[in-house]
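To start, the structure under review is shown below, and the notes come after it.
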Amino acid sequence: MGMTMTQKILAAHAGEKSVTAGQLIEAELNLALGNDITAPVAIKELEKAGGSVKHKERVALVMDHFTPNKDIKAACQVKCTREFAKRENIEHFYDVGRMGIEHALLPEQGLVGAGDCIIGADSHTCTYGALGAFSTGVGSTDLAAAMMTGKCWFRVPAAIRFQLNGSLPPFVTGKDLILHIIGMIGVDGALYKSMEFTGEGVSSLSMDDRFTVCNMAIEAGAKNGIFPVDEKTIAYMNGRFQRKPVIFTADDDADYERTIEIDLSALKPTVAFPHLPENTRTEWEELPVQQVVIGSCTNGRISDLRQAAEVLKGKTVAPHVRCIVIPATQETYLRAMSEGLLEIFVKAGAIVSTPTCGPCLGGHMGILADGERCVSTTNRNFVGRMGHITSEIYLASPYTAAASAVTGRLTAAQEVMQCK
């Protein structure tokens, strides 16, 4: 029996000719990632074990969750990581002024690419599968061990194939695609599986669409999400990726637990209602909202900001709505500035934040009060995720979020753009 893309990458990094689903392996890593929440725990475990970083160039530490520091505890967390990075000569340390949201920053900086094996002490590390890499989230103790040894153990995942056909309609994005999938299979529908995306429809998806889809693979319980490497992937990596990409393709006789076909052209703007990403709808009754967040590791890239600006241009955010726009990285911020997007946001009555995870995890820059509703381009809408336990989060695309900011209620972009 042949191997899937993920299995081929893991076999190569484990020094094996082949691997099978369920097999336990130890794999050599290209990168181990930590942030200002998870890295301090890993650092303490590493120091407790009397260890040090084995491959300093294969560690990245990104201060993104509570930065600029929101309180004394956050400042101490970053200080711990900052001092460790200096002590261990970690080259890829990103603090205020250089940082961005980690899962947008690392691909942008060329630290991850095709054929890589990557772990991160953050569940959305699965984002890098968009580049044809195996990447997955781990705990802080695994990160500590990885920094000391350069390796990590894995149970080889089985795979589900998603056969994509056609292309997305106007105002429908990769966010709508992954919400559609999670709504269809559930938050445990791909538990410890590899979600592998194939088919002629892949070529119609932008790289940012693919990053969004892989980012939320974990919301279906998946070990990782992965796309094949094509011309768009290679174009993205050219002049950016710091190593030579290694391209793996699935065997024709690769073993998939099942294949799910999706007609991209039939998809509609999709929203995940509280309090699970699987609670998706394409139709809804009038629902007033008090806050809109456009950003995060899921939807804070330049194409996401362009989509929001397309809706907000010449319009005004509803008086009772707080609209918060968060560019994912400094480079994204500069591009948005040079394209005039920031002016569109401010003139519409939105605010623009420094790059940060911010409100996505209830950190800062937009915490919700009791009973408030937020339409957000983030990835999780659990109880109390963004603030008070009686608040509600509605996950949506940048188009839908921006349209909702204008009308003051949950609204698909088509409705606002028809009034243009």
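The values are calculated or read from the model by the stated rules, or taken from the named source; none is laboratory data. Since the structure is predicted, the reported quantities are computational estimates derived from the model, not experimental observations. Here the Cβ positions follow ideal geometry from the backbone for every residue, glycine too, while neighbour counts run over all protein chains shown. Surface accessibility is based on the protein's heavy atoms, side chains included, excluding ligands, DNA and RNA. Shrake-Rupley method; radii C 1.70, N 1.55, O 1.52, S 1.80 Å.
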Residues within the range 261-281 that are farther than 26 Å from ASP370 by Cα and either under 20 Å from the mean Cα position of the chain (by Cα) or open to solvent by 20 Å² or more (accessible area, probe 1.4 Å) (or both), tallied: 6
Taking the range 306-361 only, how many residues are among the polar types (S, T, N, Q), under 17 Å from ASP64 (Cα atoms) and surrounded by 22 or more Cβ atoms within 10 Å (Cβ to Cβ)? 3
Counting only residues that are at pLDDT 95 or above, in a loop (DSSP other than H, G, I, E, B) and among the β-branched types (Val, Ile, Thr), which one in the range 373-393 is farthest from THR407 (Cα to Cα)? ILE389
Given (1) touching a residue at least 60 places away in the same chain (Cβ under 8 Å); (2) crowded, with 22+ Cβ neighbours inside 10 Å, index of the condition MET148 fails: (2)
Could you please find all residues in the range 372-384 being in contact with a Ser or Thr (Cβ under 8 Å, 6 or more places away or on another chain) and open to solvent by 50 Å² or more (accessible area, probe 1.4 Å)? ARG373
I'm trying to understand the selection: among the residues of the range 49-73, which are in contact (Cβ under 8 Å) with a residue 40 or more places away in the chain and under 22 Å from the mean Cα position of the chain (by Cα)? ARG58, VAL59, ALA60, VAL62, ASP64, HIS65, PHE66, THR67, PRO68
Please work out if THR329 is touching a residue at least 12 places away in the same chain (Cβ under 8 Å), touching a strand residue (DSSP E or B) at 6+ places or on another chain (Cβ under 6 Å) and either on the phi < 0 side of the Ramachandran plot or not hydroxyl-bearing (Ser, Thr, Tyr) (or both). yes
For the range 346-372, which positions are within 22 Å of MET99 (Cα to Cα) and in a helix (DSSP H, G or I)? GLY358, PRO359, CYS360, LEU361
Please go through the range 153-168 and give me each residue that is under 30 Å from ALA85 (Cβ atoms) and open to solvent by 10 Å² or more (accessible area, probe 1.4 Å), ordered by number. TRP153
Has the range 200-207 got any residue that is open to solvent by less than 10 Å² (accessible area, probe 1.4 Å), in a helix (DSSP H, G or I) and not β-branched (Val, Ile, Thr)? yes
Tally of residues being without any contact (Cβ under 8 Å) to a residue 24 or more places away in the chain and either open to solvent by 90 Å² or more (accessible area, probe 1.4 Å) or of a type in the set (Phe, Trp, Tyr) (or both) across the range 233-258: 3
Considering only residues of the range 399-415 that are open to solvent by 10 Å² or more (accessible area, probe 1.4 Å) and part of a helix (DSSP H, G or I), which is modelled with the lowest pLDDT? GLU415
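Rundown of residues vs (1) without any contact (Cβ under 8 Å) to a residue 40 or more places away in the chain; (2) among the polar types (S, T, N, Q); (3) on the phi < 0 side of the Ramachandran plot, yes/no style:
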{"site": "THR354", "(1), (2), (3)": "no, yes, yes"}
{"site": "GLY366", "(1), (2), (3)": "no, no, no"}
{"site": "ASP370", "(1), (2), (3)": "yes, no, yes"}
{"site": "ARG373", "(1), (2), (3)": "no, no, yes"}
{"site": "SER376", "(1), (2), (3)": "no, yes, yes"}
{"site": "ARG380", "(1), (2), (3)": "no, no, yes"}
{"site": "VAL383", "(1), (2), (3)": "no, no, yes"}
{"site": "THR390", "(1), (2), (3)": "yes, yes, yes"}
Listed residues ILE25, ILE37; which is aliphatic (A, V, I, L, M), open to solvent by 40 Å² or more (accessible area, probe 1.4 Å) and outside any helix (DSSP H, G or I)? ILE37
Run down VAL352, VAL325 and say which single residue is touching a Leu at 6+ places or on another chain (Cβ under 6 Å) and of a type outside the set (Asp, Glu). VAL352
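Do any strands (runs of 3 or more DSSP E) lying entirely in the range 89-186 carry at least 2 residues that are farther than 21 Å from LEU10 by Cβ and either more than 15 Å from the chain's Cα centre (by Cα) or modelled with pLDDT under 95 (or both), and which ones are they?
92-94, 158-165
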With the condition kept exactly as written, say whether any residue in the range 286-298 is surrounded by fewer than 23 Cβ atoms within 10 Å (Cβ to Cβ), farther than 30 Å from GLY183 by Cα and out of contact with any helix residue (DSSP H, G or I) (no Cβ under 9 Å at 6 or more places or on another chain). no
